[in-house]
Amino acid sequence: MAAISRGSLPRRAAAVLAACAAALSCAVRAGVLPEDRADLLYHSYDGGGVTIDGPSLLVRKQFADKFSASANYYVDRVTSASIDVVTTASPYTEERTQYSLGLDYLHDRWLLNLGYTSSEENDYSASTFSVGVSQDFFGDLTTLSLGYSLGKDEVGRRGDSIFKDTVERQQYRIGLSQILTRNLIVGLSFETITDEGFLNNPYRQVRYIDETSPLGYAYEPEVYPRTRTSDAAAFRLRYHLPYRAALHGEYRWYTDSWDIGADTFELGYTHPLDGGWILEAKVRLYSQTAASFYEDLFPRSRFQNFMARDKELSTFDSRTIRIGASYDVLRGGWKFVDRGTVNIAYDRIRFDYKDFRDLRVTGVPPGQEPLYGFDANVVQVFVSFWF
Amino acid sequence: MTSRSLQSARRGPTAAAAVLAVLATLLLGGCAVEPWVKPYERDRIADPIMSWDRDPVSSAYLHHVYEAREGARGATGSAGGGCGCN
């Protein structure tokens with residue numbers, strides 16, 4: 001399987017890059033650098049026995065007319081008593097810290113960007129380099145962007161100083177943004193991602209029927225393939241209504257070499273009010289099919305080469321309802337700050353699993369436990385300043 | 001890997017390559033096309049509420065939330081820009 005994945009990807013990537021390079025040759029208008037801006041965000045996730053919160057600070061500043069630098073500091077503080085943890089392990093807390101640096105360079109008609117991200121937690125570290133380029137065409141009605149990322153991860157396992165493995169990840173992106181009318185803008189994006197290395201969670205286990213066990217089943221470690229290749233394509237649009245408000249819609253198609261297929265739909269509405277308010281509402285629907293080697297309950301130990309019981313690889317759907325508000329606090333500016341906003345957003349996400357069962361319920365035959373599902377509350381509070 | 005998975009893994013890139021080829025042809029053939037939405041007609045497109053990504057710090061976080069809990073990944077961004085109003 002590894003040979004097949006490695007063999008097909010470079011050909012695909014080469015086709016993408018060749019098409020894009022050809023398209024880039026007829027640019028007619030320069031791009032612009034991103035705005036100077038600082039954002040300080042507090043995020044909180046609470047659902048399925050897991051709470052995660054922390055800050056994110058993002059600062060971006062132009063210099064020397066042609067450059068814009070950005071830096072991001074992000075923290076996840078995790079307390080987990082998820083269903084996997086309470087059924088097969090012990091609750092834990094951990095912290096993940098991520099640093100990102102970016103540089104944009106505007107040259108003639110090209111906007112080039114470089115990025116580096118580093119993430120650290122006690123049993124996993126990741127580094128990613130990225131490069132991208134974008135360009136406008138047709139009197140700036142069309143923007144085409146290309147991107148490539150290379151990630152190197154190191155995987156460890158708490159309490160096991162011997163275990164160490166790696167993951168290499170490559171991402172190829174292409175995006176197109178097109179103004180169609182004075183009220184309508186549409187976007188297309190496509191991304192191929194390929195991973196190679198240790199791709200499963202070193203702690204998670206599968207269960208299999210074991211009639212000698214009091215529960216009727218027992219656990220053993222998951223085993224995943226060491227390669228994965230995925231393709232995702234998205235179409236999105238934004239429409240300015242006859243009054244000052246905007247509708248946006250999105251559809252994303254996804255498939256991968258593990259047989260997961262997914263569809264994502266989004267529909268949103270943005271409505272400014274007098275006095276500096278902007279209100280926002282969104283609905284998101286997501287559904288996926290299971291990986292080919294996923295089972296909630298395997299017939300026996302080591303039933304097949306690859307075995308997973310990760311609910312993220314199961315058949316499930318999720319539904320999100322989002323509401324948000326933004327208030328302009330510094331419309332007249334203050335000292336070196338041109339303007340500022342205070343923002344809050346709340347997302348409620350419902351996950352319903354179709355073939356992942358709730359093992360907290362005992363006293364029923366294996367495989368007859370109720371299906372699992374949970375609600376998550378996601379809150380973001382942040383301030384933004386433009387200078 | 002099953003034969004079905006191989007087929008599904010190959011179908012996407014093939015279709016995408018065809019779309020990209022058509023796209024490249026359209027772009028190359030249309031270099032001389034006059035912009036049909038004039039710069040002075042882009043006031044609504046330039047409105048901040050029409051931005052693909054009004055608050056990057058927030059959207060990056062939410063993508064992270066979904067990618068950690070869903071099997072699908074990628075194609076979450078947009079080409080950016082496209083306003084042409086600067």
Checklist entry - Relative contact order of region A:2-386: what whole-number percent is it, with Cα pairs under 8 angstrom and at least 6 residues apart? => result 12 percent
Checklist outcome for this item: So for R0 = 45 Å, FRET eff. of A:Glu95-A:Glu211 from the Cβ-Cβ r, to 0.05, ends up at 0.60
Next on the checklist: Give me the summed buried accessible area for the B-A pair, 1.4 Å probe, to the nearest 100 Å².
Outcome noted: 6700 Å²
Checklist outcome for this item: With the 1.4 Å probe rolled over protein heavy atoms, region A:2-386 has an accessible area per residue in Å² of 45 Å²
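For region A:232-302, which chymotrypsin sites (Phe, Trp or Tyr not before Pro) pass both filters: DSSP loop (anything but H, G, I, E, B) and at most 10 other C-beta atoms within 10 Å? All intermediate terms of the calculation are to be shown ahead of the outcome.
Details: sites: A:Phe235, A:Tyr239, A:Tyr243, A:Tyr251, A:Trp253, A:Tyr254, A:Trp258, A:Phe265, A:Tyr269, A:Trp277, A:Tyr286, A:Phe293, A:Tyr294; in loops: A:Tyr243, A:Trp258, A:Phe293.
When the chymotrypsin sites (Phe, Trp or Tyr not before Pro) of region A:232-302 are filtered for loop state and at most 10 Cβ neighbours within 10 Å, A:Tyr243 remain.
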Checklist entry - Where a Cα-Cα gap under 14 Å defines reach, which aspartates and glutamates qualify for A:Lys66, not counting those fewer than 8 residues away within the same chain? => result A:Glu35, A:Asp36, A:Asp104, A:Asp108
Next on the checklist: Give me the extension gain from A:Leu279 to A:Asp65: residue separation times 0.36 nm, minus the current Cα-Cα distance, reported in nm with one decimal.
Outcome noted: 73.6 nm
Checklist outcome for this item: One checks the Cα atoms of chain A and finds Rg and Dmax, in Å, of 23.4, 74
Checklist entry - Working out 0.36 nm times the residue gap between A:Gln304 and A:Ile344, then minus their Cα-Cα distance, what length gain in nm do you get to one decimal? => result 9.7 nm
Checklist entry - So, in nm, how far is label A:Tyr203 from label A:Tyr42 when the simple model puts each one 7 Å beyond its Cα toward the Cβ? => result 2.6 nm
Next on the checklist: Along the Cα→Cβ direction, 7 angstrom out, place labels at A:Trp386 and A:Leu103. What is the inter-label distance in nm?
Outcome noted: 2.7 nm
Checklist entry - For the pair A:Ala81 and A:Tyr243, how long in nm is the line joining their label points, each one 7 Å along Cα→Cβ? => result 4.8 nm
Checklist outcome for this item: For peptide A:39-45, the mean count of other chain Cβ atoms within 10 Å per residue Cβ is 3
Checklist outcome for this item: Expected integer from the mean partner chain Cβ neighbour count at 10 Å over A:143-153 is 2
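The values are calculated or read from the model by the stated rules, or taken from the named source; none is laboratory data. Nothing here was measured: the structure is a model prediction, and the numbers come from that model. Cβ sites come from the backbone with ideal geometry, for glycine too, and all protein chains shown count toward neighbours. These accessible areas exclude ligands, DNA and RNA; they are computed on the full protein's heavy atoms, side chains included. Shrake-Rupley method; radii C 1.70, N 1.55, O 1.52, S 1.80 Å.
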